[in-house]
1. Karplus couplings for segment 137-149 from phi (6.51 cos²θ - 1.76 cosθ + 1.60, θ = phi - 60°), rounded to Hz, Gly and Pro as x?
2. Which value, in nm² and rounded to one decimal, describes the direction-averaged projected area of the C-alpha convex hull of segment 128-197?
3. In whole Hz and in residue order, list the ³J(HN,Hα) couplings for segment 219-227 that follow from phi through the Karplus curve 6.51 cos²θ - 1.76 cosθ + 1.60, θ = phi - 60°; x for Gly and Pro.
4. Can you list the HN-Hα couplings for segment 255-263, worked out from phi with the Karplus curve (6.51, -1.76, 1.60; θ = phi - 60°), rounded to whole Hz and with x for Gly and Pro?
5. Quick one: which of Lys172/Lys204; Lys141/Lys284; Lys177/Lys293; Lys10/Lys56 span more than 28 angstrom between C-alpha atoms?
6. In whole angstrom, how long is each semi-axis of the equivalent ellipsoid of segment 187-226, when you take the square root of 5 times every eigenvalue of its Cα gyration tensor and sort them from largest down?
7. Using a simple spin-label model with points 7 Å from Cα along the Cα→Cβ vector, what separation in nm is obtained for Ala161 and Arg287?
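Read-outs: derived from the displayed coordinates by stated rules, not from any lab. Note that the structure is a prediction, hence the values are computed from the model and not measured. As a convention, Cβ positions derive from the backbone with ideal geometry for all residues, glycine included, and neighbour counts pool all protein chains shown.
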Amino acid sequence: MSTQDDLFLKIKEAALTTVVQILVQKRQASSNGRLPRGAVEEAVESLARSGIIISKDALCKRVNRSLVPNPNEPPQALPTNQIAITHGGSQVSSLESPSECNPNDSDDTGGDDTADAAMPKAGRPKGTTNARKSENAERYKQCVAAITYEYATTLTTNKLANKRSVKGYLTKLIQQKSTEFNITDEIPTHTIRTRVKRHSLNPKTRGAVPPLLEAEEALIEICIQMGKIRQPLNVTEGVALMNDMIDGTCHEAALAKFQETRKLGTDSFKYGQVTSGWWGGFKKRHRNRIVTKRGEKFACNRSDWTKMKNIR
């Protein structure tokens, strides 16, 4: 290799190092931990004008590797007026995307094809979205119920005293309770008035009450326990178990009355028994407590889960 080639490689490496340091400083100065839009493209074009060709993906890899601390290097002493803040050993938050550009199928044209360091995955933990939705829905129900009870009490008190309610009282009450329960969704005034008019201040559901709602609580506990011992229930087993649980009980009579009133099933349909359609509704009603997964094979040895506390 000639002296000119060696000198050009040193100049190229020095230019790349300088550009990477500039991008790292921009990323660290950003409020969301990401590079500004178009920063990588601008750096690639500036290098190209200087005769240094590098792809966008390769430049992003260099920036990511610069953010990962080298375990072989001794830690640098920080000034007394600075505080080092790290997130689980990495300078990138686990709730943010590890890189603004996430290359998958491109390599560095200049020969930089080293695999990128492992970065933390972004996103919420599995199941937290449904749990948050369930919490919000429960707070919304409690807020509407509190508004309805207070509004009905005020109307009754004013009626006994031969007085009229203050104009705009219900609207102010809704605003006050929404702030108290931290509710952002709109609560219509006609919903409250309709509940008071029908004397249904806190209905359990917006439609018909499922006749097996109480019996389903016992089935949920069974599903959870069977899942812990690696014996999850499928559709056939769940339907058969529920039919066996309600056989000869008041729940069977309530289910038969529910089905006869709505004329469900055909002429040969046996009232008082659940079907696979009920299983779909059961999973939907309790999706915040039970989940479905694809079937998998387990070991034949059941000694790990065959315990007396599970058999009782």
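1. Values, residue by residue: 5, 5, 5, 5, 4, 5, 5, 4, 5, 5, 5, 5, 4 Hz.
2. Values: hull surface 19.5 nm².
If you wrap the Cα atoms of segment 128-197 in a convex hull and average its projections, you get 4.9 nm².
3. Going residue by residue, I get 5, 4, 4, 5, 4, 5, 5, 5, x Hz, with x marking Gly and Pro.
4. Going residue by residue, I get 5, 5, 5, 4, 6, 5, 4, 9, 6 Hz, with x marking Gly and Pro.
5. On the way: Lys172/Lys204 25 Å; Lys141/Lys284 18 Å; Lys177/Lys293 39 Å; Lys10/Lys56 21 Å.
Flagged as over cut-off: Lys177/Lys293.
6. Details: eigenvalues 215, 23, 9 Å².
Over the Cα atoms of segment 187-226, the semi-axes work out to 33, 11, 7 Å.
7. 4.7
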